[in-house]
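A quick write-up on the structure given underneath.
Just so you know, all these numbers are worked out from the coordinates, no wet-lab data involved. From a predicted model like this one, the values you see are computed outputs, not experimental measurements. For neighbour counting, all protein chains shown are included, and Cβ atoms are generated from backbone atoms with ideal geometry for every residue, glycine included.
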Amino acid sequence: MAQIFKSSTNSLARTSIVLALVVLGGTGGALFELIADSTYATRQGDAREQPIPFSHAHHNGSMGIDCRYCHNSVENSDWSAIPPTKTCMNCHSQIWIDSPTLEPVRESYRTNTSIKWTKVYDLPDYVYFNHSIHVKKGVGCETCHGRVDQMALTYQAPTLEMRWCLDCHRNPEQYLRPRDQVTKMGYEPSEPQEVIGARLVKEYNVQKLETCWTCHR
């Protein structure tokens, strides 16, 4: 019987299979990267539902309340404390005392039961982040949290991907500000950022930490 396929057919078949696998692998990798970087995966810009609709735009923006009034551990602790109900009642025992919206706050105060706020910046357990060291090195609140003074409902401003953190760790001079300006929203440097940033890197002894164990402990 005459040979139906040429001897080169086997090579062509093998090559076709390899190319198909490469194309499928590349397509799958690109699709995974696309999904991993999407706001669906990172939850960037996603306002979390809270038991009480707290507005940073009102408290921090309109009223001008400093971040540290509520988050009073941010300068000395690895985490930024969620204020106890008593902090809320310092004002709301005198204003908006009959507001139905604030009844959960009053009930929390009466029963000495914490309000179960939903974390907006919820890092994985394998990620270590220390607020106080960033504050001491001149990293502004809005650098990581965005313009909270304009947020009626608080949402996650950055992606929180590792590459986002590394960009700052590799180029800290682009993000630093004087310590007395850390909580200021809408900060504008008095000099070109590269000038003031380079000076603060030296003054605050900022190191470009990129080792795995800096954040993964």
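Taking H placed 1.01 Å from N in the peptide plane, check which residues at least 5 places from Tyr155 or on another chain put their amide H under 5 Å from its amide H.
none
Summing -39500 (n - 2.57) over the DSSP H runs of n ≥ 4 in the chain and dividing by its residue number, what mean residue ellipticity at 222 nm do you reach, to the nearest 500 deg cm²/dmol?
Per the formula, -11500 deg cm²/dmol.
Longer than 23 Å from Cα to Cα, which of Lys86/Lys136; Lys116/Lys184; Lys136/Lys184 are they? Say none if no pair is.
From Lys86/Lys136; Lys116/Lys184; Lys136/Lys184, over 23 Å: Lys86/Lys136; Lys116/Lys184.
Once you've got the GNM for the chain with C-alpha springs shorter than 10 Å, pick whichever of Val105, Val22, Val206 has the biggest mean-square fluctuation.
Fluctuation is largest for Val22.
Could you order peptides 111-121, 42-52 by the average number of other Cβ atoms within 10 Å of their residues, highest first?
Taking the mean over residues of other Cβ atoms within 10 Å, the ranking is 42-52, 111-121.
Assuming R0 = 41 Å, what is the FRET efficiency of Asp46 and Arg14, from their Cβ-Cβ distance, to the nearest 0.05?
Rounded to the nearest 0.05, the efficiency is 0.30.
With r as the distance between the Cβ atoms of Trp164 and Val22 and R0 = 35 Å, compute the FRET efficiency 1/(1 + (r/R0)^6) and round to 0.05.
Taking R0 as 35 Å, the efficiency between Val22 and Trp164 is 0.70.
If you compute volume of the Cα convex hull per residue in Å³ for the structure shown, which of [x] 219; [y] 172; [z] 192 do you land on?
Matching the structure shown: [x].
I'd like to verify something in the chain: which complete DSSP H helices, judged by Cα projection on the helix axis, reach 30 Å or more and average at least 0.0 on the Kyte-Doolittle scale?
Span-like helices in the chain: 9-36.
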